[in-house]
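The values are calculated or read from the model by the stated rules, or taken from the named source; none is laboratory data. Just so you know, these numbers come straight off a predicted model, no measurement behind them. Neighbour counts run over all protein chains shown; Cβ positions are idealised from the backbone, glycine included. Remember, those area values only see protein heavy atoms, side chains included, never the ligands or the DNA or RNA. Shrake-Rupley method; radii C 1.70, N 1.55, O 1.52, S 1.80 Å.
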Amino acid sequence: MRSRVSVLSVLCLLFIRVALFAQLPEPRIEPIVGARAPALSPDGSQIAFVYRGDIWVAPSRGGRATPITRHIAYDSSPLWSPDGKWIAFASNRNGNWDIFAVPAQGGVPVQLTFHAQNEIPSSWSRDGRFLYYSASYDSNNPAIIELEVATG
């Protein structure tokens with residue numbers, strides 16, 4: 001009986017020791033390498049960029065970056081609205097490059113263009129009413145197209 005208790009206590013101690021050391025290690029903070037297409041917010045406090053196919057935002061002075069979009073498709077070309085509330089971007093989530101806008105704090109992206117050709121955002125009007133983008137609809141030569149954001 002005594003040997004059974006001692007074997008049981010050894011097994012319990014072994015289990016406790018394994019359980020204590022089976023925890024995940026402390027996460028390491030590492031810099032992002034390979035970020036592309038940086039876009040500075042209108043007030044200069046934040047920067048949007050593409051990392052691993054998603055749009056991320058970080059403080060322009062440095063700090064923790066947070067993903068704004070998360071999708072299996074590739075998102076590119078972030079572009080801040082003049083008021084800093086929206087980020088327009090191109091995405092190939094429908095098979096071709098369409099333009100979407102997402103709230104700067106994150107949320108559900110809104111699709112702004114629906115054409116079968118590729119569209120890439122270029123700039124916003126000063127008042128934020130219009131979004132300008134490049135597309136090649138009727139020829140191989142790209143043109144700048146004006147899109148009224150509120151009505152499409």
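Side notes on the structure shown:
- Shape index of the chain: Rg/Rh, with Rg the Cα radius of gyration and Rh the Kirkwood radius from the inverse mean 1/r over Cα pairs, equals 1.34.
- Rounded to 10°, Cα long-axis angle of helix 2-21 versus longest principal axis of the chain: 20
- Size of charge dipole - the chain - debye, nearest 20, with Cβ of Lys, Arg +1 and Asp, Glu -1, no other charges: 1220
- Per-residue 3J(HN,Hα) values for the stretch 38-51, derived from phi via the Karplus relation 6.51 cos²θ - 1.76 cosθ + 1.60 with θ = phi - 60°, read x, 9, 7, 5, x, 8, x, 7, 9, 10, 9, 7, 9, 9 Hz in sequence order (x marks Gly and Pro).
- Per-residue [θ]222 nm for the chain (sum of -39500 (n - 2.57) over DSSP H runs n ≥ 4, rounded to 500): -4500 deg cm²/dmol
- Rounded to the nearest 5, the antiparallel percentage of DSSP beta bridges internal to the chain is 100%.
- Residues VAL102, VAL108 ordered from highest to lowest accessible area at a 1.4 Å probe: VAL108, VAL102.
- Heavy-atom accessible area ranking, 1.4 Å probe, most first, across LEU40, LEU147, LEU24: LEU24, LEU40, LEU147
- Scattering curve values for the stretch 76-152, log₁₀ I(q)/I(0), Debye with Cα scatterers, q = 0.11 Å⁻¹: -0.24
- The stretch 54-103 shape via C-alpha gyration tensor axes, a/c threshold 1.5: oblate
- Stokes-Einstein D for the stretch 18-104, Kirkwood Rh over Cα pairs, 4 °C, 1.567 mPa s (µm²/s): 91
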